[in-house]
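The values are calculated or read from the model by the stated rules, or taken from the named source; none is laboratory data. Everything numeric here is computed off the predicted structure, so don't read it as measured data. Because the Cβ atoms are built from the backbone with ideal geometry, glycine has one as well, and the counts that use them run over all protein chains shown.
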Amino acid sequence: MASSKNYLQFVLEQLSELDEITYRTMMGEFIIYYRGKIIGGIYDDRLLVKPTKSAIAYMTDPVYEVPYEGAKEMLLVEEVDQKEFLTGLFHAMYDELPLPKPKKKK
């Protein structure tokens, strides 16, 4: 099941206090970037983030879910309706996220 644009817009609104939030559509789902780094995505209308140490520590009771068959587990963000929580989570995770790989020249 693909994610809806409505859910994407809701999540983006919740993240509106953060600078440089972008997204990219990928096979009916949405990859979420924060200041150029992949932080997670929206899969089947669920916000999932990378399981960094800081994200696990930030969440009260972390729940792991698989975004799609064959993928690594990610953390389910259940507090999507709490702007302050989301902002704090993204800030906490940022330093642990890897830099994007440079694109290869053709």
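Odds and ends about this structure:
- Any hit, the range 39-48, residues being more than 24 Å from S16 (Cβ to Cβ), modelled with pLDDT of 95 or more and either of a type in the set (A, V, I, L, M) or under 12 Å from the mean Cα position of the chain (by Cα) (or both): no
- Verdict on T25 being in a strand (DSSP E or B) and either acidic (D, E) or out of contact with any Ser or Thr (no Cβ under 6 Å at 6 or more places or on another chain) (or both): yes
- Condition met for E65 (on the phi < 0 side of the Ramachandran plot, of a type in the set (D, E, K, R) and modelled with pLDDT of 95 or more): yes
- Count of residues meeting criterion [assigned to a helix (DSSP H, G or I) and among the aliphatic types (A, V, I, L, M)] in the range 1-22: 3
- Selection over the range 22-37 of residues that are in contact (Cβ under 8 Å) with a residue 24 or more places away in the chain and either buried (at least 16 other Cβ atoms within 10 Å of the Cβ) or aromatic (F, W, Y) (or both) gives a count of 4.
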